[in-house]
Amino acid sequence: MSRDLFLALDLDDKAQALELVHKVSEFITGIKIGPRMGFKYGADIVSELAKIKPVFIDNKYFDIPNTMLASVRSSFNMGASFCTVHAQSGPEALKKLADLEAELNKTRAFKVLVVTVLTSFNKETMPVNCIKASITEQVQALAHEAYGCGLRSFVCSALEVEALKNNFPGCYFVTPGIRFPEESAGDQKRVVGPKQAFNLGASAIVVGRPIYEASDPVEAAKKYYEALGL
Ligand code: C5P
C-alpha cells in the first residue's frame, strides 16, 4: 500500500528548515517546498533535501504549454520526484505533460501532480469564472480532462477523493487541508482528519503548519505518521 506524508516546508530559513526535516525525518515520507523556499535557495535546497527524502516542488505551474514543459523538466533536473501543475492549463498542455512524465520516468520515478481545486477555496471564495458549478463538479471535470490526457496523479481535498477514486481507479491522490479536529484550520476551508483522508482513499497527505508550528514538531509529525497505518 502506497501511503505518503509530505511535510509542507513553508518556512523562510534554510537552517531552520533543515533542522526540522532532520528532526522529523523518521515520521515523514517526503518534503514539499514551494516558491517561498525555492526562490530563495534555488536548486541547492532541492538537491540537499532530496538526499534526505523525495522532494515535491509545489509551484503549481499554470502557463502556456512550452513554459510548463520547461518548468516541469527543470523541477525534475533539480532532483524533485514530484511537481504540481494546474489542471486548468487545458488539454494541450496536459497531454504534453503526460508525454513528458512518461519520458522522465525512464530515468527515475517522477509524478506530475495535477491540482484540481485549491483546498483554500469554498463557494464564497471561488474566482468569478468558477462560481457556476459546485466545487465537486469542477474537481470531477478537471480530473476527467487530465485523466483523458494521460495524467494519473491529482491534488484535491480529501472531501472529493472518494468520488474521484471511484471514477479514476489506480490513480495517486494527494490531499492537503489535513487537520486533527483540535487544530486550527488557518486559511484552509475544506479540511479533513488524516485517518479519514486515507479511509476516503487518499494516497498521500500534505501537512505544514500543524507540524512546523507545533510546540513539539516531532510529536506532531509522529501523530500524523501514525495515521498512515503502515
Ligand atoms: O500548513 P498547511 O498544512 O495548511 O499547508 C498545506 C500546504 O499544501 C501548503 O503548502 C499549500 O500551499 C499546499 N496546498 C494546499 N491546497 C492545494 C494544493 C496545495 O493547501 N490544493
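Readers should treat all values here as calculations from the given coordinates under stated rules, not as data from a laboratory. Computed from a prediction, not measured in an experiment: that's the story for all the values here. Using ideal geometry, Cβ is built from the backbone for each residue, glycine included, and neighbour counts are taken over all protein chains shown.
Straight-line cross-link partners of Lys132 among the lysines, defined as a Cα under 21 Å from its Cα and at least 8 positions apart when in the same chain: Lys123, Lys189. At full extension, Val218 and Asn77 could sit 47.7 nm farther apart than now, given 0.36 nm per residue minus the alpha carbon distance. Applying a DSSP loop filter and a limit of 15 other Cβ atoms within 10 Å to the GluC sites (Glu not before Pro) in region 126-230 leaves Glu182, Glu213. With a/c under 1.5 counting as rounded, go ahead and sort region 4-226 into rounded, prolate or oblate using the C-alpha gyration tensor (a ≥ b ≥ c being the square roots of the eigenvalues; past the cut-off, prolate if a/b is larger than b/c, else oblate). Oblate. Over the chain, dividing the summed -39,500 (n - 2.57) contributions of all DSSP H runs of at least 4 residues by the number of residues returns a 222 nm mean residue ellipticity of -13000 deg cm²/dmol. Taking a Cβ cut-off of under 14 Å around Met68, the surrounding Lys, Arg, Asp and Glu residues balance to a net charge of 0, with basic ones at +1 and acidic ones at -1. Spin-label model, Asn105/Val128: points 7 Å from Cα along the beta carbon direction are separated by 4.0 nm. Sorted fewest first by neighbouring Cβ atoms within 10 angstrom, Asp4, Asp58 come out as Asp4, Asp58. The GNM of the chain, with springs linking C-alpha atoms under 10 angstrom apart, assigns the highest mean-square fluctuation among Met37, Met126, Met78 to Met126. What lysines sit close enough to Lys195 to cross-link, taking a C-alpha to C-alpha distance under 25 Å and skipping anything fewer than 8 places away on the same chain? Cross-link targets: Lys23, Lys32, Lys53, Lys111, Lys165, Lys222, Lys223.
A cut-off under 10 angstrom between Cβ atoms defines the neighbours of Asp12, and their net charge, with Lys, Arg +1 and Asp, Glu -1, is +1. Among Gly79, Gly90, Gly186, the residue with the largest mean-square fluctuation in a Gaussian network model of the chain, with springs joining Cα atoms closer than 10 Å, is Gly186.
Of the residues Ile135, Ile28, Ile64, the one that moves most in a GNM of the chain with alpha-carbon contacts below 10 Å is Ile64.
Taking 7 Å steps out from each Cα toward its Cβ at Arg3 and Lys60 produces label points 2.7 nm apart.
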